[in-house]
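Chemist: What follows is a structure written as structure tokens; I'll ask about it next.
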Amino acid sequence: MPNWRPAAQTHSHQDPGNDRPTALKVATPDSAPGSPLKTQADQRLGLRLGMIVAENLGKEFRDKDRGVIRAVGNLSFCCHPGQIYGLLGANGAGKTTTLRMLATILTPTSGTASVAGFDIRQEPEKARQNLGFLSTATALYGRLTALEMVEYFGCLHGLDRASARRRTLALFERLDISAFLDRRCEALSTGLKQRVSIARTLVHDPPVMIFDEPTSGLDVISARTMVDFIRECRASGKTVVFSTHVMSEAEKLCDTIGIIHDGRLLAEGSLQELRACYGHADLEEIFMRVVGG
Amino acid sequence: MNLRNIAVVYRKELKDSLRDRRTVISMIVVPIFLMPVLTIFVGVLSARLIGRAMLEVPSVMIIGGEDSPQILAALHALQDIQVVPATPDYGQQIIDKKIRAAVELPPDFDVLIAHGDTARVRIDMYQGEINSGFGADKLQKFFRDFRERTIRQRLEARHLPGNLAEPLLVEETNVAPPEKVGGVVLGGLVPYFVIILALTGTMYPAMDLTVGEKERGTIETILCSPISRMNLVLGKFLMVLTASLSTAALAVASMGVTLAAASKMVGGLSQISSMGLQFQMTPRSVIWVFAMIVPLAVLFSAALLAISLFAKSFEEAQSYLSPLTIVVIAPAVVSILPGVELNARLSLVPILNTSLVCKEIVSGTYHWGYIALIFVSSCVYAAVALWVAIRLFQREDVLFRI
């Protein structure tokens, strides 16, 4: 069975990799309800694998003028360690809402998800403990120095101050920003700020990384650093979910692409699978066909 | 609740806030420097004005009396007034502050006195004007003495005892300790200042820690860390409370030092102290005032945190908080009004209750029943405000109300 699918038509998701347990099925809107990680054994498995499993994830907002707005509806997908899952969609498609739900910043109005084996509704703090979240909206505290900023997040993730400092210094060394550790974040260039943000997401070495349009608004060099960093995350076995509306980025990075439109996942698969299914080599063409443009 | 995480957030917020110029100004500079400057300015100015008015020899017109050389001579002989030639527009001259007062003598004043009749004297003054008041006081005193002297002379002429017209003597003695005398005048002012500063010290940090995070885009950064929202809001709340209490404490300390120094330096102040403005706060009253201010500071911190979190921008937060200042100032001002005394019903009115009880504490009165009632009721209000702030931090429509 191919990995791609028009999401609404597929009842279950079979994992393509040989190393992945076939028992982990992703529930879709019309499949039987129930978490694929219901049992304790499954949860331990998810924890060990550091997976992201979203099941019928939905989010509705209330608006004074427009009434109830469905931002995301019945979204189900699964992302494995050492894999990059890309949510591709236009502005307002529901990417940010989905990722914010996975990061437990927003609470779903229907469905749920598990991050590294922790249900985002039941144990949001444990889920956050196991993820690093980076978006253009995750700014730095301008009046803290780069070192204080990353150390602070280390402490929030439960590290003692000495360990937080040790890890921060090691990360700064790796990201080549040791020279700026005592400089206040507000005085750093965009590129340096971005590297400090990267250090902030890595200070607790999470198994899951979530990136929301991480290259948006960055210049070519900074965007390149970010893309390289996402690749590094995959290489080190982390589970990566990221959202973008840039086709070339999705083509370059993603092992699996999920095309999201109006809050619904319309198609999912590797680039090759999508090409084969829609008969187009160009992802933009595929995207336009999927969203019906 | 995780105390370690609350402490981590508190330490960060404290460090972050102390690096913010605007917070430092509102939390440290204003209470330390602004209050003494205001106190010295108002104190010295009023001491100077009162002192000058008391030392001034007021210009006074005598209207009539041409037929009464004795009373005219006695008035002219007065050292502490200066008699100027009378003009018909004396009333207007008082209004124009060219002269301070005028005394109108009836025709045949000397004759009336000599014959044992009643002479009606009128003193014209500008009520409410301090210099005119002092001028009129001096004339009043002269005529009071003249009247008593005349009574004695008339009694003596009839061989009657001198105390016949004096059936009783009324003496007024102040038994209140000096701090109580001060308590009446300044006692109402001190809690008022402390309450206002406990509020103003809270304002900027409360906005910076909530809507400031929204504006700077750090709210999402902190929300994706594993700290629970309750611990986050408690850490932030403790920082705002620190700002509130330290602003109030610095203001009291600074005012205490200023008053002590000013009373030594400014001679004019000793004149004021003789008028019942003497003021001192005992360490005991300072401790109790602070104990009463703590729940109020908790209420302010939590309420301002909740209100500013609700705002979309700094401007919006400011437009919410500015009217709140008036809401807080109003009961604090009411407590200064003479005649507003603490009772069981007022003990339940937030802010006003603390203001009133602090006024009593400063003047040395401790009504333990009211103190307990006010402390408990203030704690209840504070707890409700804190609960609201914690609830608001759980609401994503508030956190992401952008």
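The values are calculated or read from the model by the stated rules, or taken from the named source; none is laboratory data. What you are looking at is a predicted structure, and each value in this text was computed from that prediction instead of being measured. Counting neighbours? That spans all protein chains shown, and the Cβs are built from the backbone with ideal geometry, glycine included. Just the protein is used for accessible areas: all its heavy atoms, side chains included, with ligands, DNA and RNA removed. Shrake-Rupley method; radii C 1.70, N 1.55, O 1.52, S 1.80 Å.
Chemist: Filter region B:373-402 down to residues that are open to solvent by less than 70 Å² (accessible area, probe 1.4 Å), of a type in the set (Val, Ile, Thr) and over 29 Å from the mean Cα position of the chain (by Cα) and give me whichever is nearest to B:Val194 (Cα to Cα).
Modeler: By that ranking, first place goes to B:Val388.
Chemist: Oh, and also: Between residues in region B:237-260 that are under 19 Å from B:Trp288 (Cα atoms) and residues that are open to solvent by less than 40 Å² (accessible area, probe 1.4 Å) and among the hydroxyl-bearing types (Ser, Thr, Tyr), which pairs lie under 7 Å by C-beta distance while being six or more apart or on different chains?
Modeler: Matching pairs, first to second residue: B:Leu241/B:Ser301; B:Ser244/B:Thr202; B:Ser244/B:Ser301; B:Met255/B:Thr39.
Chemist: Take the residues in region A:184-198 that are of a type in the set (A, V, I, L, M) and more than 13 Å from A:Glu232 (Cβ to Cβ), then tell me which one is surrounded by the fewest Cβ atoms within 10 Å (Cβ to Cβ).
Modeler: Step one: of region A:184-198, the residues of a type in the set (A, V, I, L, M) are A:187-188, A:192, A:196, A:198.
Those left that are additionally more than 13 Å from A:Glu232 (Cβ to Cβ): A:187-188, A:192, A:196.
On the way: A:Ala187: 12, A:Leu188: 20, A:Leu192: 20, A:Val196: 26.
Filtering first and then ranking leaves A:Ala187.
Chemist: Is there a residue being within 13 Å of chain B (Cβ to nearest Cβ) and of a type in the set (S, T, N, Q) anywhere in region A:137-148?
Modeler: Step one: of region A:137-148, the residues within 13 Å of chain B (Cβ to nearest Cβ) are A:137-145, A:147-148.
In the following step, the residues that additionally are of a type in the set (S, T, N, Q) were identified as A:138, A:145.
Yes - at least one qualifying residue is present in region A:137-148.
Chemist: Here are some residues: B:Tyr370, B:Tyr320. Which one is in contact with a helix residue (DSSP H, G or I) (Cβ under 6 Å, 6 or more places away or on another chain), open to solvent by 50 Å² or more (accessible area, probe 1.4 Å) and more than 30 Å from B:Ile219 (Cβ to Cβ)? So that I can check it myself, show each step before the final result.
Modeler: On the way: B:Tyr320 fails: more than 30 Å from B:Ile219 (Cβ to Cβ).
One residue alone meets the criteria, B:Tyr370.
Chemist: So which residues in region A:143-177 are over 20 Å from A:Phe211 (Cβ atoms) and either among the basic types (Lys, Arg) or in the same structural domain as A:Thr97 (by TED's automatic domain parsing) (or both)?
Modeler: Scanning region A:143-177 gives A:Arg143, A:Arg161, A:Arg165, A:Arg166, A:Arg167.
Rundown of residues vs (1) under 22 Å from B:Ile50 (Cβ atoms); (2) surrounded by fewer than 18 Cβ atoms within 10 Å (Cβ to Cβ), yes/no style:
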| site | (1), (2) |
| --- | --- |
| B:Leu75 | no, no |
| B:Leu78 | yes, yes |
| B:Pro106 | no, yes |
| B:Arg152 | no, yes |
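Chemist: Scan region A:111-133 for residues that are out of contact with any His (no Cβ under 8 Å at 6 or more places or on another chain), facing another protein chain (nearest Cβ under 9 Å) and either open to solvent by 20 Å² or more (accessible area, probe 1.4 Å) or part of a strand (DSSP E or B) (or both) and jot them down.
Modeler: Narrowing region A:111-133 to residues out of contact with any His (no Cβ under 8 Å at 6 or more places or on another chain): A:111-128, A:130-131, A:133.
Then keep just the ones that are facing another protein chain (nearest Cβ under 9 Å); that gives A:124-128, A:130-131, A:133.
Within region A:111-133, A:Pro124, A:Glu125, A:Lys126, A:Asn130, A:Leu131, A:Phe133 meet the criteria.
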